[in-house]
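Reading through the structure tokens given below for one structure.
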Amino acid sequence: MALLAIYLPFALAFAMLWRGIGVHARQVLSTLSALPALWMAMGPGGTDSLAMEWLFLGAQFGLDSVRQVFLLFTAILWAVAGLYAGAYLVGHRRDRIFFFLFLLAFSGNVGLILAEDVATFYTFFALMTFSAYGLVVFDGNPRAFRAGRVYIVMAVIGEAMILGAIFLIVRDAPGLLLADLAAVVSESPLRDVIIALTLAGFGVKAGMIGLHMWLPLAHPVAPTPASAVLSGAMIKAGLLGWIHLLPMGAHTSEAWSGIIITLGLVAAFGAVVVGVTQSDAKTILAYSSISQMGVMTIALGVGLAEPEAWPVVLSVLTIYAFSHGLAKGTLFLGVGVADAAASRTARLTAMAGLALAAAAIAGAPMTGGAIVKKALSDVISFAPGTWADRLEWLLVASAIATTVLLGRFLQIVDAKAQKRAEKRAHPSLWWAWTFSLTAAAIGVWVAVPLFAIDVPLPGLAVADTWDAVWPVGVGVLLLTGWWGVFRKRAVHRGIPAGDVLVLFTGGGRLMRRFWHFAETAGSATPEINFGPLVDRVVESERKRAAMSRIERNLMRSEVAGACFVMLLVIMIILLIQTMV
Amino acid sequence: MTLTSILPPLILATSFVTGIFIFLLDQKQFVARATLNLIGAGFKVILVAILIYGVLNGHDFETRFHIVLGFDFLLRVDLLSLLLIVLSTVLWFVTTVYAIGYMHDHAELSRFFGFFSMCVTASVGVALAGNLVTFFIFYEFLTLSTYPLVIHKGTEEALKAGRTYLWYTLTGGAVLFVGVAWMTDLTGPVDFTPGGVMEGLLDDHRIEVYVIFAILILSLGVKAALVPLHGWLPVAMVAPAPVSALLHAVAVVKAGAFGIVRVIYDVYGVAFAHAIGVLTPVAVLAAVTILYGSLRALQQSDLKKRLAYSTVSQVSYIVLGAGVIGLISTTGSLVHLIHQGIMKITLFFCAGIFEKSFGLKRISDLKGIGKQAPLTAAAFTIAAFGMIGVPPVAGFVSKWYIGLGGFDAGMEWVPVVLILSSLLNAAYFLPIVHVMWFVERDEPAPLLLRPRSVETMPTMLWTTVATAVFSLGAGVFAYWDFSPLALAREIAEILYRSA
């Protein structure tokens, strides 16, 4: 089953290239390709690992309870995004290519979840990364190309750092199995280097602050279904990478824990600050993803401080990722749905759905978000030293910030949706989104008992509800106030998407000038070549004259004859010597 | 004469005799030439298959006869030679098929294919050589038989490149001769032996041991294109695409790299070379070459030139792996001998198709070519990813082994160099992939070939696809019992068992 879950999307990716089928056939096939993965995710779990020694560097596939949760939201997201894409791309002349890349990336995403050895994990990670590039630049305009360039440069650097970390780990590891690696890392003499490389390498994918610049550029320019999986599912691959390769549960490091928590906090709040100044809905969502990944990073940092608490933290982290993945995917898909709303009813329905998904991310009561946020604030108490107290209210503040950010998002989507679409969208657009929204709304309620995750489902107690209500309420109030003050002003220029990227592009330009790249210099730069040098010496007039004199002399018959006889004699002598 | 002593010369003869007959053909005898070529190449494949079967069953294949001064002419099959023989034989077959299509409208085809066969004879000879003298003979034969191929087009530029090529390789050959002669003076005529033959000389001839090593490595480094001796390689890419493919993947650069491997493992012995501290300089030189080649590749806007610099860089992986002591890095080095060959030949085949079918040579001209030539572009993409070291393509496996081997030997900078090189490889290969697939073309590139071919001639297309599939398969099935990696590991174990 594990093989089928990976192989079916992979094989169907190539079927997508066939011209004989239409966009709706592709849509259906794409959705169906997620079925084996869904089946595995919903199944009993704890299945035996499948070892294939002959494949690659000895591949092993399997599924544990944590990765089962990852697989579930990943499969759901890709399935609905595939369905959605069919409607989104009706009439698009390059839908073959889109579905091809989409399914390749999907099979990469499933593969990296099912992989149990580090080489296979890295392989599928790369497959996902590189196919996703095609999704980012799919629209083929300068904006997409720029986003693609930023994406690929950062992704490749990330891959390189991951490879570095893997080298350092595997050097001391008994085998390649991921399960053994945390212990190896914690024993490694170069532990700090490994942690730094892993953190940064997967941080690119997970949108860690400082390495997040590609998200606000790439997520908005990709076609909407691709943004949904980029921001909902693929971003979590970075998290999974951290879980696998950091010495989680095997090592205590307060220093690293502090660094990771700090990075998470900066992301959680910084991304909101930059995000609210954005005027594009999908850009705001990208910033919201950075912010939410920041929250998950905090939990990771807590887990690194307390190895004993790691299993609990991990299960909370997993369900948080699950909740955020589904809700964020729904929000992205919903942007397209609102854009395509052709009537007032359609618009209002879309906005209501978006509000629900946004509420789930902000953690409003009765949503999955409230459950996971509550669970998170419970495990935060494991944080080292003085972190515990501070984190508790910082988390609340983060919920407020998220509410403001997503409120802003809703306003922008609504403003844009006022201008009605001329044509009604294909019904499957609505179908896909309804599925996605349902999953986002009830996902956590189902997943917690299904996977027996140790997270309390809230009762209807007033106190519990109040904990979840007031931060969201404050957020809404703040936003309303802010809107009242600033609405009258002319639209001000926000921070450009990608914020700190500006700092790096200058560096890139400088490097380009220093080492003339093909586009700037052509291939005229001289090369070390001794050939012409020797030619020059040999062909100098004097030497040539001397040479030809010698040659003329050699050609005179008496000289040539004498030489010939001499050589003959030498040969004979040599021959006699060898005989003797 | 038993089969075991007759098979090695027979293998050489398949291409040598074919070559001689081809020389006699008239330009117009296309069918006869193609038939001869394919029969020769096919025969060779069969004989090599028999050879592999024999070697696996423990037979020793050896042909030895005396030449002057007590030297032996020795052809011997050990696993290391088998590695290069298999590579040459398979890729010769593939390249011949490709070249029949590619060269059909060129002049002087009998000369071309004749020397083409000679060139393969020489490279198999290099593989079979059982001692330095025999190695030297074939090594020089290789130089002479490739020269006519490099200048085949006969243009001013080609002739100039040919001159440069000869200056480099002949000088290298002359210096190699000095090294071989000097060594033989010290040791007497000796065969390649795993574990080496130099150990006893250290006490009396300390300086000579070092100097000879330097001479041998540097003279072989000319063909292996070690910086700064690589100047001929980027120039020589004026040759027709199949020649470049052969030069870069199998014949010339491989002969150089293979020679270095032989010297380190079978003349000096890796343990001894390590003990006297000559390995690290080799590794450093290779590392410099790897980075320099990649940096230079970035600056090229001509596709074949960029590929040429990429070869400079990639071939040095083999040297780097050989220069790092340890079973793992040796495995990586040996397997890269194969991997680099199949990946680079794919890339050159693709470059040839773009040039032949559409007249496109510059990278920026390849805009949107993925739509018109999807299979070629896909093959290129696979091979390019392999060169970068993206799993599961073959190149990753090489990097994995050499990198981990670097740790084993306590040379932590080796993986760092590899990763830097990967970044640089990505920087010059990914833009090509991007241009091919994602940039729109204003109007389709006119197809220069007969209209019935889709993207190119079938002979060219399917050989390219085949080598791309090899590149992918060698990585995906790396741990399969009959993968190049398995063979390389087997050889590495033999080389270290004796040490």
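The values are calculated or read from the model by the stated rules, or taken from the named source; none is laboratory data. As the structure is a prediction and not an experimental result, all values here were calculated from the model. Glycine also receives a Cβ, built like all others from the backbone with ideal geometry; neighbour counts cover every protein chain displayed.
Being in a helix (DSSP H, G or I), over 25 Å from A:Ala267 (Cα atoms), more than 16 Å from the chain's Cα centre (by Cα) and without any contact (Cβ under 8 Å) to a residue 60 or more places away in the chain holds for only one residue in A:Leu168, A:Leu181, and it is A:Leu168.
Can you tell me which residue is modelled with the lowest pLDDT among those in segment A:478-495 that are surrounded by 14 or more Cβ atoms within 10 Å (Cβ to Cβ) and not small (Gly, Ala, Ser)? This residue is A:Trp482.
Just so you know, in segment B:291-303 the residues that are hydroxyl-bearing (Ser, Thr, Tyr) and within 10 Å of chain A (Cβ to nearest Cβ) include one that is farthest from the chain's Cα centre (by Cα), and it is B:Ser301. When A:Tyr7 is tested against (1) within 27 Å of A:Ala321 (Cα to Cα); (2) surrounded by 20 or more Cβ atoms within 10 Å (Cβ to Cβ); (3) among the aromatic types (Phe, Trp, Tyr); (4) in contact with a Pro (Cβ under 9 Å, 6 or more places away or on another chain), exactly one condition is not met: (2).
Within segment B:1-50, being among the hydrophobic types (A, V, I, L, M, F, W, C) and outside any helix (DSSP H, G or I) holds for B:Met1, B:Leu25.
Here A:Phe102 fulfils each of the conditions (1) within 14 Å of chain B (Cβ to nearest Cβ); (2) modelled with pLDDT of 95 or more apart from (1). Restricting the search to segment B:472-494, which residues are part of a helix (DSSP H, G or I), charged (D, E, K, R) and within 14 Å of another protein chain (Cβ to nearest Cβ)? Scanning segment B:472-494 gives a single hit, B:Arg489. When you scan segment A:86-106, do you find a residue that is within 22 Å of A:Ile243 (Cα to Cα), part of a helix (DSSP H, G or I) and touching a Gly at 6+ places or on another chain (Cβ under 7 Å), even just one? Scanning segment A:86-106 turns up no residue that is within 22 Å of A:Ile243 (Cα to Cα), part of a helix (DSSP H, G or I) and touching a Gly at 6+ places or on another chain (Cβ under 7 Å).
Annotation: A:Met208 fulfils all but one of (1) farther than 30 Å from A:Ala79 by Cα; (2) not in a helix (DSSP H, G or I); the unmet one is (1). Any chance segment A:139-147 includes a residue that's under 15 Å from the mean Cα position of the chain (by Cα) and either assigned to a helix (DSSP H, G or I) or closer than 30 Å to A:Gly58 by Cβ (or both)? Yes, that holds for at least one residue. Residue check: is B:Asp408 at the interface with chain A (Cβ under 8 Å from one of its Cβ atoms) and either out of contact with any strand residue (DSSP E or B) (no Cβ under 7 Å at 6 or more places or on another chain) or touching a residue at least 12 places away in the same chain (Cβ under 8 Å) (or both)? In short, yes. Screening segment B:413-471 for residues that are β-branched (Val, Ile, Thr) and not in a helix (DSSP H, G or I) and picking the one that is surrounded by the most Cβ atoms within 10 Å (Cβ to Cβ) gives B:Thr456. Of everything listed in (1) within 26 Å of the chain's Cα centre (by Cα); (2) at pLDDT 90 or above; (3) crowded, with 17+ Cβ neighbours inside 10 Å, the single unmet condition for A:Val444 is (2). Screening segment B:199-257 for helices (runs of 4 or more DSSP H) wholly inside it with 1 or more residues that are farther than 22 Å from B:Ala351 by Cβ returns the ranges B:206-223. Take segment A:387-406 and flag every residue that is of a type in the set (A, V, I, L, M) and either out of contact with any Gly (no Cβ under 6 Å at 6 or more places or on another chain) or without any contact (Cβ under 8 Å) to a residue 60 or more places away in the chain (or both). Correct list: A:Ala388, A:Leu391, A:Leu394, A:Leu395, A:Val396, A:Ala397, A:Ala401, A:Leu406. Within segment A:207-242, restricting attention to residues that are at pLDDT below 95 and over 30 Å from A:Ile97 (Cβ atoms), the residue that is surrounded by the most Cβ atoms within 10 Å (Cβ to Cβ) is A:Met208. Among residues of segment A:155-174 being surrounded by fewer than 21 Cβ atoms within 10 Å (Cβ to Cβ) and more than 10 Å from chain B (Cβ to nearest Cβ), the one that is nearest to B:Val433 (Cα to Cα) is A:Ala173. Screening B:Arg497 against (1) within 14 Å of another protein chain (Cβ to nearest Cβ); (2) surrounded by fewer than 16 Cβ atoms within 10 Å (Cβ to Cβ); (3) of a type in the set (Lys, Arg) leaves a single unmet condition, (1). Scanning segment A:112-132 for residues that are within 8 Å of chain B (Cβ to nearest Cβ) and not hydrophobic (A, V, I, L, M, F, W, C) returns A:Tyr122, A:Thr123. Criterion applied to B:Ala322, B:Ala351 was being farther than 22 Å from B:Ala236 by Cβ and either within 12 Å of another protein chain (Cβ to nearest Cβ) or buried (at least 24 other Cβ atoms within 10 Å of the Cβ) (or both), and the one residue passing it is B:Ala322. Consider A:Arg93 carefully, then state whether it is closer than 26 Å to A:Leu12 by Cα, surrounded by fewer than 24 Cβ atoms within 10 Å (Cβ to Cβ) and free of Cβ contacts under 8 Å to residues at least 12 places away in the same chain. Spelling it out, A:Arg93 is indeed closer than 26 Å to A:Leu12 by Cα, surrounded by fewer than 24 Cβ atoms within 10 Å (Cβ to Cβ) and free of Cβ contacts under 8 Å to residues at least 12 places away in the same chain. I'd like to know if segment B:256-273 contains one or more residues that are of a type in the set (D, E, K, R) and either within 14 Å of another protein chain (Cβ to nearest Cβ) or under 18 Å from B:Gly162 (Cα atoms) (or both). No, that holds for no residue. Just to be sure, is B:Arg306 over 21 Å from B:Val414 (Cβ atoms), modelled with pLDDT of 90 or more and more than 11 Å from chain A (Cβ to nearest Cβ)? No, not satisfied.
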